[in-house]
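Novice: I'd like to ask some things about the structure below.
The values are calculated or read from the model by the stated rules, or taken from the named source; none is laboratory data. Quick caveat, the model's predicted, so the values are computed rather than measured. Positions of Cβ are backbone-derived with ideal geometry, glycine not excepted, and every protein chain shown enters the neighbour counts. Just the protein is used for accessible areas: all its heavy atoms, side chains included, with ligands, DNA and RNA removed. Shrake-Rupley method; radii C 1.70, N 1.55, O 1.52, S 1.80 Å.
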Amino acid sequence: MSSSSSPPAASAAARLDLDGNPIAPLTICMIGAGGFIGSHLCEKLMAETAHVVYAVDVYCDKIRHLVDPAPPYLHGRISFHRLNIKNDSRLEGLIKMADLTINLAAICTPADYNTRPLDTIYSNFIDALPVVKYCSENNKRLIHFSTCEVYGKTIGSFLPTDHPLRKEPEFYVLKEDESPCIFGPIVKQRWSYACAKQLIERLIFAEGAENGLEFTIVRPFNWIGPRMDFIPGVDGPSEGVPRVLACFSNNLLRREPLKLVDGGQSQRTFVYIKDAIEAVHLMIENPARANGQIFNVGNPNNEVTVRQLAEMMTEVYANVSGEPPLDEPMIDVSSKQFYGEGYDDSDKRIPDMTIINKQLGWNPKTPLKDLLETTLTYQHKTYKEAIKRQMSQASASS
């Protein structure tokens, strides 16, 4: 039978969790469903499960194909609720009607941490408080999305650059239940995001300890893939500065040199969005294994410096687009030039994967080059013509 006439999750009732128990259909209130992660998670849940989703956000562009209008084969399993969680009384009602709430809402763009520290703190702590409160008071399960930035700087970053201990895993690998959270001084507003995220984690953990809140905390380590962030001037503000991969994509699409902040020496890991969403799917359907846990979700095998990432993206995009790289494909800029006063950074973000592997049996699969090819192919197909038109208009009016 074709997918247009039957629900893709028709056999979902027969599915079992990791302990061999039948998976009952859930009603999920997903806050931030219209964003990058939310859109991929909605697709996964609609395609492979019988769960019902209340998709909560102020925008639905990235899930329009699911909700405007919803395809008949989904049988009304997803509905869009346009509301701002800051000040909408409907939020508690949606949480009450759901079995599980997933909170993805956040300001999570590094350029905003310096320039909009108040908005960053309010969005990531104050605005999340009612969500935690409603879940706790109504005995509803919560999956809360935090960030790998709660770890701050590694212990090894405080050692001399040539110190041999900097190469020892215990000085840089980040463990959910052991690694300290080390931030920079208050004048470095870049840490406003990490501090707000850490404080809401502590509040959720305390609600679990004192009031029995069933929770799972997710710490993403650079999830990458189609629909990530925005391209300035096309589907985001012209003056906006997205995260590193979208930022480099924007440069490549416009045939501009990639800007390496402070030489691009920071080390990062990157994980493919579809791999990461599989981990979240396991958390949703295995509460006995996920409740009370904090999970790193990343790919330690995909570790590169930001400079190496720029080099790989330049090479991959040349293959995807058929356009030769620029003679000078990269330029160095200072963090002050790029982000403004008050910027600071962590040296390495390498996740320990022991807990999520033990509890959920999850491991990432996609190598960095493969996920870059997939993502840059999408970026090229989606944005190249729009950017050409934009640049032609700008040229004509100058």
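Novice: Which value, in debye to the nearest 20, describes the size of the charge dipole of the chain about its Cα centre when Lys and Arg Cβ atoms bear +1, Asp and Glu Cβ atoms bear -1, and nothing else is charged?
Specialist: 580
Novice: While we're on this one: Sequence-distant or interchain residues sharing an amide H contact under 5 Å with residue 216, placed H: which?
Specialist: Residues meeting the amide H criterion: 142, 143, 144, 292.
Novice: If eta is 0.890 mPa s and T is 25 °C, what Stokes-Einstein diffusion coefficient results for the range 227-288, Kirkwood Rh from Cα pairs, in µm²/s?
Specialist: 174
Novice: Give the calculated FRET efficiency between residue 391 and residue 347 to the nearest 0.05, with a Förster radius of 41 Å applied to their Cβ-Cβ distance.
Specialist: Calculated value: 0.65.
Novice: With a cut-off of 8 Å between alpha carbons and a minimum separation of six or more residues, what is the relative contact order of the range 106-390 in percent?
Specialist: 25
Novice: Carbon and sulfur together cover what percent of the accessible area of the chain at a 1.4 Å probe radius?
Specialist: 52
Novice: Now, a different point. Near residue 20, within a Cβ-to-Cβ distance under 14 Å, what is the net charge of the other residues, with Lys and Arg +1 and Asp and Glu -1?
Specialist: -1
Novice: Shifting gears a bit: Could you compute how fast the chain diffuses translationally, taking Rh as the Kirkwood radius over C-alpha pairs and applying Stokes-Einstein at 4 °C with viscosity 1.567 mPa s? Give it in µm² per second.
Specialist: 58
Novice: Let me have the 222 nm mean residue ellipticity of the chain computed from DSSP H runs of 4+ only, each contributing -39500 (n - 2.57), with the sum over all residues rounded to the nearest 500.
Specialist: For the chain, the value works out to -11500 deg cm²/dmol.
Novice: Between residue 122 and residue 75, with labels modelled 7 Å along Cα→Cβ, what's the label distance in nm to one decimal, could you check?
Specialist: With each label point 7 Å from Cα toward Cβ, the separation is 4.3 nm.
Novice: What distance in nm lies between label points placed 7 Å from Cα along the C-beta direction at residue 161 and residue 328?
Specialist: 2.3
Novice: Under 12 Å between alpha carbons, and skipping anything fewer than 8 positions from residue 365 in its own chain: which aspartates and glutamates qualify?
Specialist: The qualifying aspartates and glutamates are 275, 278.
Novice: Give or take rounding to whole Å, what are the principal axis extents of the alpha carbon atoms in the range 213-329, in descending order?
Specialist: Per principal axis, max minus min of the Cα coordinates gives 55, 30, 28 Å.
Novice: While we're here: Skip the ligands, DNA and RNA, and give the accessible area per residue of the chain with a 1.4 Å probe, whole Å².
Specialist: In whole numbers, the chain has 45 Å² accessible per residue.
Novice: Next question. In nm, give the distance between the simple-model label positions of residue 27 and residue 337, each being 7 Å from the Cα along the Cα-to-Cβ direction.
Specialist: 5.5
Novice: Rounded to whole Hz and in sequence order, give me ³J(HN,Hα) for the range 289-295 from the Karplus expression 6.51 cos²θ - 1.76 cosθ + 1.60, θ = phi - 60°, writing x for Gly and Pro.
Specialist: Along the range 289-295, the couplings run 9, 9, 5, x, 9, 10, 10 Hz.
Novice: Equivalent ellipsoid semi-axes for the range 96-183, as square roots of 5 times the alpha carbon gyration tensor eigenvalues: give them largest first, rounded to whole Å.
Specialist: The answer is 34, 18, 9 Å, longest axis first.
Novice: Between their Cα atoms, which of 86/274; 348/384; 197/369; 197/336 are more than 27 Å away from each other?
Specialist: Beyond 27 Å: 86/274; 348/384; 197/369.
Novice: Taking springs between alpha-carbon atoms closer than 10 angstrom, which of 335, 79, 238 fluctuates most in the Gaussian network model of the chain?
Specialist: 238
Novice: Select from the range 327-398 those chymotrypsin sites (Phe, Trp or Tyr not before Pro) which occupy a DSSP coil region and have at most 12 other Cβ atoms within 10 Å, ordered by residue number.
Specialist: When the chymotrypsin sites (Phe, Trp or Tyr not before Pro) of the range 327-398 are filtered for loop state and at most 12 Cβ neighbours within 10 Å, nothing remains.
Novice: Within the chain, what's the longest stretch lacking GluC sites (Glu not before Pro) that sit in DSSP loops with no more than 10 other Cβ atoms inside 10 Å?
Specialist: For GluC sites (Glu not before Pro) (loop position, at most 10 other Cβ atoms within 10 Å), the longest site-free span of the chain is 1-177.
Novice: Would you mind pulling out the separation of the Cα centroids of the range 139-171 and the range 55-116, in Å?
Specialist: The range 139-171 and the range 55-116 have Cα centres separated by 30 Å.
Novice: What is the gain in length, in nm to one decimal, between residue 262 and residue 84 on full extension, counting 0.36 nm per residue of separation less the C-alpha to C-alpha distance?
Specialist: 60.4 nm
Novice: Between the range 198-216 and the range 359-398, how far is it from one alpha carbon centroid to the other, in angstrom?
Specialist: 37
Novice: Please find, in a Gaussian network model of the chain (springs between Cα atoms separated by less than 10 Å), the residue of 127, 275, 17 whose mean-square fluctuation is greatest.
Specialist: Of 127, 275, 17, the most mobile in the Gaussian network model is 17.
Novice: Length gain on complete extension for the stretch residue 384 to residue 139, per 0.36 nm per residue less the alpha carbon to alpha carbon distance?
Specialist: Difference between extended and current length: 83.4 nm.
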